[in-house]
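*Asks:* Got a structure for you, written out below as structure tokens; questions coming shortly.
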Amino acid sequence: MYKSNLPQVESRMRAASFAGLEAAAAVYENAVKDELRGGYTSGDFVTGQSVSAVAHSEPEMDSDGAFILVGTSLLHNLYWELGHQNLFTRRFERVEKWVPTFYRTREQQLAAFQRVYLRFMGGGAGGFGSRAASLRSPR
Amino acid sequence: MANTGSWGGVEQLIRQRLLTFVSSTGGGTLAQRLGSTSSGSGADGKLFLDQAPDNVTGFWAVLRIITAPPNGADGRLMIKGTAELMIHGKPRAVASTVKGMATLVSEAWLEWSHTEVGGHLSAMDATPSPGLVPYTADPADRELVTYRMLLDFRCTPQFLLKYAA
């Protein structure tokens, strides 16, 4: 009797997408933390609060596909990213960390997603698929 | 007249569109709503490119292109870019006026396209992101009102298209 494996394949692909998104988010999250480590100005007021407040959501699905959110609950980070009238310096201050880092790491994010996705789908650690998308590929 | 012969030209085209657009229901252009400076780059409307002067007052806006992958698409000739528009006002009582300007920008960006010999620029989505910035706590000055929008566009600029086979 024929039995379709489509539900299992779909389930596996969804799980692979979620795992890939987690990997891509980790790339961006680490890069943002690295950027925030030195603070926004002189570095004299760095407490680590901004770095420790970088977080990501669970992967989700909507009508456009799977996605994951990386962000922070700290409004200070938003103010520095988008700019604000600073009460201490008395002028408009803006130091972007998040958006430039997102665009700068897009290739690494994509590579991480592809690498994990392929492994999840059975590409295998030593197979072509696992190496083709890796930035560390010796090819 | 600005054209797509350079990135500066692309920015000017977007700037001119936003400053001079008139809503079908009237209400004044963005240039009229923002006001202007007596001289300098804000003389035709206080929509500055990249950075505003430190001494700017009243309403003002800042436009810049935040991403435009240099490798392009469509045979590497078309660029899918995003411009960022920040509309500012002070004090907080002018928030509704700032939101009105953001609405006007959404209208101006709807289905706009610029075509020229050897170049093209089309507006895509206008996304409030996050819209009105929630300045609710120190050290931000809570009297500053900021509305942020992301303006997606597609551009086949002269400076790339001239290399088309």
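*Asks:* When you look at residue B:43, is it modelled with pLDDT of 90 or more and farther than 30 Å from residue A:97 by Cβ, yes or no?
*Replies:* Here the answer is yes, as residue B:43 does meet what is asked.
*Asks:* Considering each residue of the stretch A:84-112, count those that are at the interface with another protein chain (Cβ under 7 Å from one of its Cβ atoms) and of a type outside the set (A, V, I, L, M), and give that number.
*Replies:* Total satisfying the criteria: 6.
*Asks:* From (1) within 14 Å of chain A (Cβ to nearest Cβ); (2) closer than 21 Å to residue B:2 by Cβ, pick out the condition that doesn't hold for residue B:77.
*Replies:* For residue B:77, the exception is condition (1).
*Asks:* Now a separate question. Which one is surrounded by the fewest Cβ atoms within 10 Å (Cβ to Cβ), of the residues in the stretch B:15-68 that are under 20 Å from residue B:122 (Cα atoms) and of a type in the set (Lys, Arg)?
*Replies:* Filtering first and then ranking leaves B:64.
*Asks:* Take residues that are within 14 Å of another protein chain (Cβ to nearest Cβ) and surrounded by 16 or more Cβ atoms within 10 Å (Cβ to Cβ) and tell me which of the strands (runs of 3 or more DSSP E) falling wholly in the stretch B:93-165 contain 3 or more.
*Replies:* Ranges flagged: B:145-156.
The values are calculated or read from the model by the stated rules, or taken from the named source; none is laboratory data. Here the structure is a predicted model, which is why all the values come from computation and not from measurement. Note that each Cβ is placed from the backbone with ideal geometry, even for glycine, and that neighbours are counted across all protein chains shown.
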